[in-house]
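Since the structure comes first, as structure tokens, the remarks are kept for the end.
The values are calculated or read from the model by the stated rules, or taken from the named source; none is laboratory data. Small disclaimer: the values here were computed from a predicted structure and weren't measured. Positions of Cβ are generated from backbone atoms using ideal geometry, with glycine treated the same way; all protein chains shown enter the neighbour counts. Quick note on the areas: whole protein, heavy atoms, side chains included, nothing else; ligands and nucleic acids left out. Shrake-Rupley method; radii C 1.70, N 1.55, O 1.52, S 1.80 Å.
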Amino acid sequence: MSERTEKFLKGKGNFIDDITFPDMLYLEIVRSRKAHAKLLKVKGGLTADNLDLTLISTGESYRKGKNYEVEPVLAKEKVLYYGQPVSAVYDKDRYKAKDLAETVEISYEELKPVLTIEDSLSSKPIHDSKKDNIVSSFEVGKKFSLGSKIKLSDELFMERVLPNPLETRGIVAFYNSGKLNVWISTQSVYSIKNGLTRILGLNPEDINVYQSDTGGAFGSKSAVYPEYVIASYLSIKTKKPIKWIESREEHISSTRPGRGAKAQLKIYGDEKGKIEGIEGKILVDVGAFADDLSSTSPSWIGYQITGPYMIENVFIEGYSVYTNKAPLGPYRGAGRPEATFFIERMIDLYADYLGLDPVDVRLKNLPEKLFESPTGLKVLPSKAFFEEGIKKLNYAELKKNKAGVSFGILIPAVYGGESAKIKIESGAVKVWLGGNAHWQRHELFVKRIIKEVLGIPEDKVILMNGNTSELEKGIGTWGSRSAITAGYALYKAALALKEKVEKMGLKEPQQVLSSELSSEYYENMQLDPSMISFLLTAAIAEIDEGIKPAIKEILAYYDVGEPLSSEAIYGQITGGLLMGIQEVLTEALKYDEKGKPVAETLSATGIAYSINAPKYDVQITSFGRSSAPHGAKGVGEAGTVGAPPASARAIENLIKKRINSLPINLDLLA
Amino acid sequence: MKIKLNINGTDYESEEEPRMLLVDFIRDVAGLKGTHVGCETGSCGACMVLLDGMPVKSCLMLAVQAEGKKIITIEGLSEKNGLNKVQKALSEKKALQCGFCAAGFSIIGTWISENEKNIDDKKVKEGLAGVVCRCSGYDTIIKTITEVAKNE
């Protein structure tokens with residue numbers, strides 16, 4: 001039983017829109033209704049004339065000399081994407097604030113929007129101060145020339161996808177007695193605090209950030225957005241609490257989507273299925289403004305392009321480019337699904353050309369010992385894992401059903417480490433983690449670690465929401481990092497507390513619980529190959545009602561290291577798998593020829609409903625512990641990495657036409 | 001105008017604009033925050049309530065349209081501070097993750113378990129098709145509600 005889930009089921013959650021204060025003001029953002037235009041007039045509300053700030057990016061040193069433009073909080077002179085904030089109004093009544101937003105007058109001189117990667121490369125720069133639309137370029141691996149017998153090329157594409165957590169973004173900012181207090185639905189109170197501190201020029205000690213219960217995120221609640229700056233600024237100005245809650249339509253037009261990645265690849269190999277090299281270009285559409293995460297994503301995708309395989313020659317050129325679309329952000333997987341889809345689709349192409357079984361070709365290309373890819377990625381030999389998995393999933397049977405199979409790796413984002421704090425208070429153990437759970441069930445591994453190290457019963461352990469005044473430093477929840485990084489820090493904090501307990505001679509858990517001890521730990525760790533987990537995914541497709549492709553069964557054999565909570569892991573995997581499947585079938589953020597998102601409602605974005613859920617066969621296994629003391633590996637993004645290439649292949653096997661672009665083009669079925 | 005609604009057996013009366021949505025009355029006037037707004041267009045079911053025993057999406061109705069009817073929200077599905085069978089099972093099976101969908105699945109799951117005959121997985125899948133869970137892939141939710149409904 002989880003106290004947290006029980007609270008939600010009683011309707012007693014404390015999500016961001018549930019937080020209210022007397023005299024609260026409701027903020028509404030007035031947004032651009034053009035994707036690319038000069039602003040001739042903006043009349044009404046708070047505009048860039050009053051609040052002329054830009055967002056910040058974390059990697060300042062990296063930015064220098066780059067063709068790099070950070071988003072302004074409110075548009076000035078030009079709007080560069082549909083949904084860009086132009087003005088802000090507020091009222092003490094939610095409905096009246098919306099009425100007020102309607103009164104703001106904006107007139108535009110429309111410009112031609114740049115909407116695709118190809119357009120971007122051939123068009124005038126969308127930023128007047130830049131020389132072209134290329135944000136940044138990278139080279140990954142090493143140039144090579146090979147006289148391979150087989151050389152095959154393809155262009156692959158993954159469309160933009162919205163994070164679409166069920167709870168949209170939102171914030172309550174309340175400037176009170178010289179301090180800015182911020183309640184927010186977030187993956188990291190720390191990135192919010194750091195961002196607001198720097199953008200608004202505040203002293204770090206004058207701002208506290210508290211995490212509300214967070215109704216999903218999938219990458220969309222990690223960064224600072226313009227609305228957070230506006231709400232904070234207005235609260236400082238009015239000394240009143242300001243609430244902003246995003247509408248779904250705003251989420252579609254203005255929250256940062258993910259993917260939008262293209263690869264032009266060539267695979268080199270011999271006639272027996274030995275891959276000799278991979279080269280080509282990876283291009284990412286970062287939208288109208290850049291940040292470090294989006295602009296470096298081509299090199300991050302390139303870094304992991306060799307997956308679990310031993311491919312000795314790799315050369316990738318990466319480009320991130322501007323378009324007149326909402327700025328790109330992370331979406332569950334953030335680069336991992338792209339790399340996996342690209343390499344897996346190329347391997348299928350190669351196996352088909354040779355008439356070999358695609359699984360045999362994959363097995364043949366796994367390393368026998370630790371392999372360092374020319375990209376710098378180091379992977380452990382995984383043949384034993386995949387051979388075992390192929391048996392466990394009954395490949396002979398799968399083949400009869402024309403299943404698609406993918407191999408993959410999951411690299412956890414351990415960079416920067418993580419923090420944890422334990423505080424014993426009123427007979428309970430309270431825990432804060434630097435990564436702020438949005439109820440992926442971190443409480444289950446937290447309870448387990450505390451019980452294991454301190455012997456305290458699980459029902460006495462409470463995982464608290466993120467809070468910068470309780471735990472000063474931290475990183476955040478993303479990139480399949482929490483079990484491994486926050487788990488690591490918590491484990492160390494618990495060991496330190498155990499030492500104190502032993503010194504004081506406290507023996508029984510009851511004695512420990514009546515103490516007032518606390519302990520805090522920051523673990524700064526580095527990625528090593530033991531933390532990278534292996535993923536084997538298989539999918540079986542059907543053509544529903546004779547026209548619509550569907551996935552009827554998905555099978556996963558996933559390495560999770562030491563499993564900290566099998567129920568939590570199961571839910572993470574099935575959730576990720578369905579997102580991955582849906583990205584193949586219908587889920588996408590598409591724009592019309594004027595640059596307006598085609599979807600206006602949640603259902604129109606093509607997300608999965610219960611009727612889309614396939615039969616799941618999830619086998620959780622451990623292919624060795626990670627080097628972290630509790631042995632965990634990552635899991636959060638496993639399904640979104642594994643499902644797309646397996647599902648695309650399964651459909652390809654039925655329709656007998658090559659699938660190289662997601663979501664699949666239904667014309668292929670005609 | 002004066003709007004008077006009966007929610008979970010309690011009468012609430014307030015002077016509001018005619019355009020006020022039922023979900024806003026429930027949340028902001030009655031102060032029952034368990035009913036959520038996820039999409040404003042009837043796509044997600046996070047705002048689901050029972051209206052005279054029928055599941056409805058409270059973001060698609062005006063508050064005034066619910067006058068004279070019996071409204072049950074997630075807070076009113078069981079006796080004081082408890083959980084009904086469906087809610088208890090969803091909790092025990094750890095079927096939910098972020099929890100924002102709790103009202104939707106509790107309301108529709110309860111309705112299915114009390115009203116659908118000859119329950120199977122497929123019926124439950126179809127019955128749940130108006131409520132979104134973005135976290136779990138639906139598997140444990142479908143299995144849990146099927147099991148409760150079969151035992152009803």
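Each residue of the stretch A:212-229 was assigned a 3J(HN,Hα) from its phi angle through the Karplus expression (A = 6.51, B = -1.76, C = 1.60, θ = phi - 60°), giving 7, 3, 10, x, x, 8, 6, x, 7, 10, 9, 9, 7, 10, x, 4, 5, 5 Hz with x at Gly and Pro. For the residues A:Ser518, A:Ser220, a 1.4 Å probe over the protein chains yields an accessible-area ranking, largest first, of A:Ser518, A:Ser220. Extension gain, A:Glu600 to A:Lys76: 0.36 nm times the residue separation minus the Cα-Cα distance gives 186.1 nm. With the whole protein complex present, A:Glu472 retains an accessible surface near 140 Å², based on a 1.4 Å probe. Averaged over the residues of peptide B:38-48, the number of Cβ atoms from other protein chains lying within 10 Å of each residue's Cβ is 5.
Between the stretch A:168-192 and the stretch A:615-670, what is the C-alpha centre distance in whole Å? Their Cα centres are 36 Å away from one another.
The mean number of Cβ atoms from other chains found within 10 Å of a Cβ in peptide A:499-505 is 0, as a whole number. Structural descriptor for chain A: relative contact order 15 percent, calculated from alpha carbon pairs under 8 angstrom and at least 6 residues apart. Note on the stretch B:82-150: percent of Cα-Cα distances in each 5 Å bin, starting at 0 and stopping at the bin with the largest distance, equals 3, 20, 35, 28, 12, 2, 0. Apolar share of the accessible surface for chain A: 49 percent from carbon plus sulfur atoms, 1.4 Å probe.
Between A:Leu121 and A:Glu458, residue separation times 0.36 nm minus the direct Cα-Cα distance comes to 115.7 nm. In the complete set of protein chains, residue-level accessible area for B:Val64 is approximately 40 Å², probe 1.4 angstrom. Averaged over the residues of A:548-556, the number of partner chain Cβ atoms lying within 10 Å of the residue Cβ comes to 0. Ranking A:Lys34, A:Lys615 from most to least accessible surface, computed with a 1.4 Å probe over the protein chains only, gives A:Lys615, A:Lys34. What's the local net charge at B:Lys143, with K and R +1, D and E -1, over the other residues with C-beta under 10 Å away? Around B:Lys143, the charge tally is -2. Within the stretch B:99-142, whose backbone N sits under 20 Å from a point 7 Å along Cα→Cβ of B:Asn151? Under cut-off, by backbone N: B:105-125, B:139-142.
For the pair the stretch A:92-123 / the stretch A:477-506, the C-alpha centres are spaced 48 Å from each other. Probing with 1.4 Å while keeping every protein chain in the model, the per residue accessible area of the protein assembly as shown equals 37 Å².
Note on A:Ala550 and A:Lys391: the model spin-label points, each 7 Å out from Cα along the C-beta direction, lie 3.5 nm apart. Relative to the current alpha-carbon distance between A:Asp91 and A:Ile543, full extension at 0.36 nm per residue lengthens the span by 157.6 nm.
Proximity of backbone amide H atoms, modeled 1.01 Å from N, is registered between A:Gly416 and A:Met525 at under 5 Å, excluding neighbours fewer than 5 places apart on the same chain. Residues of the stretch A:307-327 falling in the label zone of A:Leu527, defined by backbone nitrogen less than 15 Å from a point 7 Å along Cα to beta-carbon, are A:307-309. Share of pairwise Cα-Cα distances greater than 47 Å in the protein assembly as shown is 19 percent (whole percent). When nucleic acids and ligands are ignored and a 1.4 Å probe is applied, A:Lys179 ends up with an accessible area of around 80 Å².
The phi torsions of the stretch A:143-148, fed into the Karplus equation with coefficients 6.51, -1.76 and 1.60 and a -60° offset, translate into couplings of 4, 8, 9, 10, x, 4 Hz, rounded to whole numbers, with Gly and Pro shown as x. Excluding ligands, DNA and RNA and using a 1.4 Å probe, chains B and A jointly bury around 4300 Å² of accessible surface, summed across both partners. Each part gets one Cα centre, and for the stretch A:361-416 versus the stretch B:96-152 those centres are 35 Å apart.
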